[in-house]
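One structure below.
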Amino acid sequence: MENFTNIPEHNTTGNVGFNQSNTDNETLLDIIKIPFLVALLLIMISMGCTIELKKLWAHLKKPWTLSVGMVCQFGVMPLSAFILATLFKLKPFPAIAVIIMGSCPGGIISNVMSYWTDGDMDLSITMTVCSTILAIGFMPLNLYIYSPAWRSEFNNSSNEPQTPYKEIGISLITLIIPISVGVFIARKWPKQSKLIQKIGTGVGALILIVSAVVATLLHKSKWSADSTLLIIGVINPLIGYTVGFILAIAIRQSWTSCRTIALETGAQNGHLCTTILTISFKPDERTSMFAYPFIYICFQVLHGLLFVTAYQIYKKLKKRPAEPMDSTQSTRRGEETNNSQRREENAPNDCTISEMTELI
């Protein structure tokens, strides 16, 4: 199996040009981060405007649905990642990257997709927050369970993956603050919050899509990774979406909750995965690992957008107005209405009948 091209350390004329191009790409990516973060901020505030605190509290008081989501998140996804890494016989470092990605909690992308598919936003936000908190314990546990096959490689070269507690805390803050702002706006100015929802989601979605396309084009080197990583990156999110949906149906959840659980299961926090790789492995080891989080993120977004598109088409077809009647049908309908009105006018009322009885 061949990993994407490693950059040699020594400098030649060709390498100087390549490094300069790579530096320019990194600069552009830093610039793209600003509109990307603005888009996420707008979308998260818009989602906060849809949150109802009573429903949010209801999910916490009766966490049956929430528990199913956590089983999918920390049970199904790490297990599927391990099975795929084993079946495709990945080398140790790419295999660990796959398992780390499968062990990550849900990300903000799942909330965005749930919002665009009319999901249960109270459940979606609750699942993301709870999975991020539980990741503090479940991520090390899953890595301990599923990494023994490659642990000897760590002992020879580097430390085992570390849990980035600081990054987990930052993820929670960046999730809770904008949503709290949206909740406050909805309670303080309910009419204005509806306008914010429309503008925020529309503008935010546009910026998000453009930024994602540009970032994908600038990360061309990631697409030269081992073909098996590409295949796993396509399959793994689909497994999460599908299994999450099936389990939600099995416990007789509403269609709204089924969509939400499915999206929360398949969409992982890729940024957290790259952070773990950065703090846990040496630069030469990370070379064969960084491609997978990028590939997974791209395909989880692609699958999610296809799901959103299919749902929106279904929604429009379901709300399609009835076909207009032709002239003959219209004439018949008018005659039936007139005849009905005449019968009602000619029918004797209770007063008339009582008067006739008295006369007799």
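The values are calculated or read from the model by the stated rules, or taken from the named source; none is laboratory data. Keep in mind that what you see is a predicted model, and the values were worked out from it rather than measured. For neighbour counting, all protein chains shown are included, and Cβ atoms are generated from backbone atoms with ideal geometry for every residue, glycine included. Protein only, heavy atoms only, side chains kept; ligands, DNA and RNA dropped before computing areas. Shrake-Rupley method; radii C 1.70, N 1.55, O 1.52, S 1.80 Å.
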In region 219-246, how many residues are open to solvent by less than 10 Å² (accessible area, probe 1.4 Å), at pLDDT 90 or above and hydrophobic (A, V, I, L, M, F, W, C)? 1
Of the conditions (1) out of contact with any Asp or Glu (no Cβ under 7 Å at 6 or more places or on another chain); (2) modelled with pLDDT of 60 or more; (3) open to solvent by 60 Å² or more (accessible area, probe 1.4 Å), residue 16 clears all except one; give me its number. (2)
With the first residue restricted to region 185-212 and required to be within 14 Å of residue 113 (Cα to Cα), and the second required to be hydroxyl-bearing (Ser, Thr, Tyr) and modelled with pLDDT of 75 or more, Cβ contacts under 8 Å at 6 or more apart or on different chains are 201/46; 201/115; 204/46
Residue list for region 266-299, restricted to those being open to solvent by less than 20 Å² (accessible area, probe 1.4 Å) and aromatic (Phe, Trp, Tyr): 281, 292, 296
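Residues checked against (1) at pLDDT below 85; (2) part of a helix (DSSP H, G or I); (3) among the hydroxyl-bearing types (Ser, Thr, Tyr):
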residue	(1), (2), (3)
293	no, yes, no
299	no, yes, no
302	no, yes, no
324	yes, no, no
351	yes, yes, no
